[in-house]
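Colleague: Okay, here's the structure, questions in a sec.
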Amino acid sequence: DQQVKQNSPSLSVQEGRISILNCDYTNSMFDYFLWYKKYPAEGPTFLISISSIKDKNEDGRFTVFLNKSAKHLSLHIVPSQPGDSAVYFCAASLRGNQGGKLIFGQGTELSVKP
Amino acid sequence: GAVVSQHPSWVICKSGTSVKIECRSLDFQATTMFWYRQFPKQSLMLMATSNEGSKATYEQGVEKDKFLINHASLTLSTLTVTSAHPEDSSFYICSARPPGFAPLHFGNGTRLTVT
């Protein structure tokens, strides 16, 4: 039972354009969501997070949007750069875990072409 | 920023032997650490929660006798894969949460190959 889903295994974007990575979840008890970036043979690196009391959080080129009614979140990267090429995981935490135990999606491999 | 260090970064062992992986929080104390595993092209799956001074909590389907976890200090947790078999070959990643409302930080992972 995949509670966090990233339905697009890969995404290719031109440098300078917007990258939109999507994530859906099924458990309404999730109250904290995060995006991580991962290179091969390395651990994930935290990018940005959002609490369920918000619908948007922005940090530089990265913006995360949360639609609780649709149980959907997305990560926007603008403008995309070749260095953004990596696998992006969304993750969710259950209420009460305060972001300790995370449930991850399958990941989306982003390729930003020069 | 908060750093989680993991060692070794890769290890090759023979079937039937045991392998120990260390996870350290370098600039903060962590009463709780988390061990994840990732198979190729798949998601990160939580294996267990390591609790300082007490027994680890294992996720459903993870054999506690096979994956021994010890959290002897506030900065060190170890995962020992006992009697390793080729199907245990995977990427093991530890994580810890710095104090305050900070996100989970991950180590760089350990690539285990069992021959």
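Colleague: Every residue in the stretch B:82-103 that is within 12 Å of chain A (Cβ to nearest Cβ) and either modelled with pLDDT of 90 or more or under 19 Å from B:K64 (Cβ atoms) (or both), please.
Modeller: Matches in the stretch B:82-103: B:F91, B:Y92, B:I93, B:C94, B:S95, B:A96.
Colleague: Within the stretch B:18-56, work out how many residues are among the small types (G, A, S) and assigned to a loop (DSSP other than H, G, I, E, B).
Modeller: Number satisfying all stated conditions: 6.
Colleague: Just to be sure before I move on: is B:K64 facing another protein chain (nearest Cβ under 10 Å) and either in a loop (DSSP other than H, G, I, E, B) or modelled with pLDDT of 95 or more (or both) in the structure I sent?
Modeller: Taking the combined requirement at face value, the residue does not satisfy it.
Colleague: On the basis of being on the phi > 0 side of the Ramachandran plot, among the small types (G, A, S), more than 14 Å from every other protein chain (Cβ to nearest Cβ) and surrounded by fewer than 18 Cβ atoms within 10 Å (Cβ to Cβ), does A:G83 make the cut?
Modeller: Against the criterion (on the phi > 0 side of the Ramachandran plot, among the small types (G, A, S), more than 14 Å from every other protein chain (Cβ to nearest Cβ) and surrounded by fewer than 18 Cβ atoms within 10 Å (Cβ to Cβ)), A:G83 does not qualify.
Colleague: Also, quick follow-up: Pick out the one residue from A:I77, A:I18, A:I48, A:I53 that is hydrophobic (A, V, I, L, M, F, W, C), surrounded by fewer than 14 Cβ atoms within 10 Å (Cβ to Cβ) and modelled with pLDDT of 95 or more.
Modeller: A:I18
Colleague: Take the residues of the stretch A:14-43 that are more than 23 Å from B:S95 (Cβ to Cβ) and not in a loop (DSSP other than H, G, I, E, B): which is farthest from the other protein chains (Cβ to nearest Cβ)?
Modeller: Ranking the qualifying residues of the stretch A:14-43, first place goes to A:Q14.
Colleague: Let me ask another. Which residues, taken from the stretch B:98-113, are of a type in the set (F, W, Y) and surrounded by fewer than 17 Cβ atoms within 10 Å (Cβ to Cβ)?
Modeller: B:F101
Colleague: Further question: Give me a count of the residues in the stretch A:51-80 that are over 16 Å from A:S28 (Cα atoms) and either free of Cβ contacts under 8 Å to residues at least 24 places away in the same chain or more than 14 Å from chain B (Cβ to nearest Cβ) (or both).
Modeller: Residues in the stretch A:51-80 being over 16 Å from A:S28 (Cα atoms) and either free of Cβ contacts under 8 Å to residues at least 24 places away in the same chain or more than 14 Å from chain B (Cβ to nearest Cβ) (or both): 15 in total.
The values are calculated or read from the model by the stated rules, or taken from the named source; none is laboratory data. This is a predicted model, so every value here is computed, not measured. Virtual Cβ from ideal backbone geometry, glycine too; neighbours counted across all protein chains shown.
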